[in-house]
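Trainee: Quick one: the structure is below, and I'll ask about it shortly.
Every number here is computed from the coordinates shown, using simple stated rules; none is lab data. As the structure is a computational prediction, the values presented were derived from the model and not from experiment. Reconstructed Cβ throughout: ideal geometry from the backbone, glycine too, with neighbour counts over all protein chains shown.
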Amino acid sequence: MAKNNTTKFIILGLLHHENLSGYDIKKKIDYMISSFWDVGYGQIYPTLKQLVDEELACKSISADSKGPEKNIYSITDKGRVVLKEWLSIPEEKEYTKYEILLKLFFGSLTPAENNIDKIEIFKERQEKNLELIKLFKTNLESVLDETDDHIYYYLTVLFGERIYSAYIDWANAAASLLGERMQHETKD
């Protein structure tokens, strides 16, 4: 099967909820989706052009009195059909890339202290992510029954909460293991 442009479907999904500018799409992705899927500006604007060319979205000009004109995109009926078709297709693969694990795989080439420092930095980042995801969780719990969308947002938040907690647990265990090994080596 040909590789899908996932950015296309992310944008269609966001446009399904509301009409947005390219800038607004990027802000929504950064705030709502980036913890589990990255999309850069370099992907957004070419994809928006593609969506308009394929008649999956349409572009209009907004003459907002607060600033300059900007392009606003909205999903078309054809875009809704394509989005729903994509949503019904089984996932091919979950992608995971962890530079820290790659570097730890070759960690014997650097001092253990450096590896522990990397693990601690990773842990701090995950603690911040967990703090943010718990805020999302609290906010969603108060509006869970307002729309069906909220339960699905909530499911992604629950996943994030479990993942970030697991990352922190792993970081604690990994740092502890390396610390014990260092102590054992200094006694010998």
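Trainee: Amide H neighbours of Leu20 under 5 Å, counting only residues 5+ apart in sequence or on other chains, H built in-plane at 1.01 Å?
Mentor: Placed amide hydrogens put Tyr73 under 5 Å from Leu20.
Trainee: Structure shown: which of Lys8/Lys78; Lys28/Lys70; Lys8/Lys84; Lys8/Lys28 lie over 19 Å apart, alpha-carbon to alpha-carbon?
Mentor: Beyond 19 Å between Cα atoms: no listed pair.
Trainee: Quote the FRET efficiency, to the nearest 0.05, computed for Glu69 versus Tyr152 with a Förster distance R0 of 41 Å and r equal to the Cβ-Cβ distance.
Mentor: For R0 = 41 Å, the calculated efficiency reads 0.75.
Trainee: I'd like the Kirkwood hydrodynamic radius of segment 6-88, using the inverse of the mean 1/r over distinct C-alpha pairs, in Å.
Mentor: When all Cα pairs of segment 6-88 are included, the Kirkwood radius is 12.9 Å.
Trainee: Ordered by packing density, taken as the mean number of other Cβ atoms within 10 Å over each peptide's residues, highest first, how do 148-159, 24-35 rank?
Mentor: The packing order, highest mean first, is 24-35, 148-159.
Trainee: Right, another one. Roughly how tilted is helix 77-88, in degrees to the nearest 10 and between 0 and 90, from the longest Cα axis of the chain?
Mentor: Helix 77-88 and the main axis of the chain meet at about 30 degrees.
Trainee: Can you give the charge dipole size of segment 99-187 about its Cα centre, rounded to the nearest 20 debye, using +1 on the beta carbon of Lys and Arg and -1 on the beta carbon of Asp and Glu?
Mentor: 480
Trainee: Moving to a separate point now. Aspartates and glutamates within cross-link reach of Lys97: Cα-Cα under 17 Å, excluding same-chain residues under 8 positions apart?
Mentor: Counting by Cα, and skipping residues close in sequence, Lys97 has these aspartates and glutamates nearby: Asp38.
Trainee: Once you compute Rg and the Kirkwood Rh from C-alpha atoms, what is the Rg to Rh ratio for the chain?
Mentor: When Rh is taken as the Kirkwood radius, the ratio is 1.09.
Trainee: A further question follows. Can you tell which of Thr110, Leu140, Tyr23 lies farthest toward the positive end of the dipole of the chain, using +1 and -1 charges on the Cβ of basic and acidic side chains (Lys, Arg; Asp, Glu)?
Mentor: Farthest along the dipole direction, towards plus: Tyr23.
Trainee: Separate question: If I fit a long axis through the Cα atoms of helix 6-17 and take the longest principal axis of the Cα atoms of the chain, what angle between them do I get, 0 to 90°, rounded to 10?
Mentor: So the inclination is approximately 60 degrees.
Trainee: Measure nothing but the geometry: give the 0 to 90° angle between the long axis through the Cα atoms of 41-53 and the longest principal axis through the Cα atoms of the chain, rounded to 10°.
Mentor: Approximately 30 degrees, to the nearest ten.
Trainee: Output the peptides 110-122, 6-18 sorted from most to least packed, where packing is the average of other Cβ atoms within 10 Å over each peptide's residues.
Mentor: So the order, starting with the most tightly packed, is 6-18, 110-122.
Trainee: Continuing with this model, one more query. So how many Lys-Lys pairs in segment 99-187 land under 20 Å Cα to Cα, not counting same-chain pairs under 8 apart?
Mentor: Total qualifying Lys-Lys pairs in segment 99-187 comes to 5.
Trainee: Could you size up the charge dipole of the chain around its Cα centre, putting +1 on the beta carbon of Lys and Arg and -1 on that of Asp and Glu, and report it in debye to the nearest 20?
Mentor: Using Cβ point charges on Lys, Arg, Asp and Glu, the chain gives about 440 debye.
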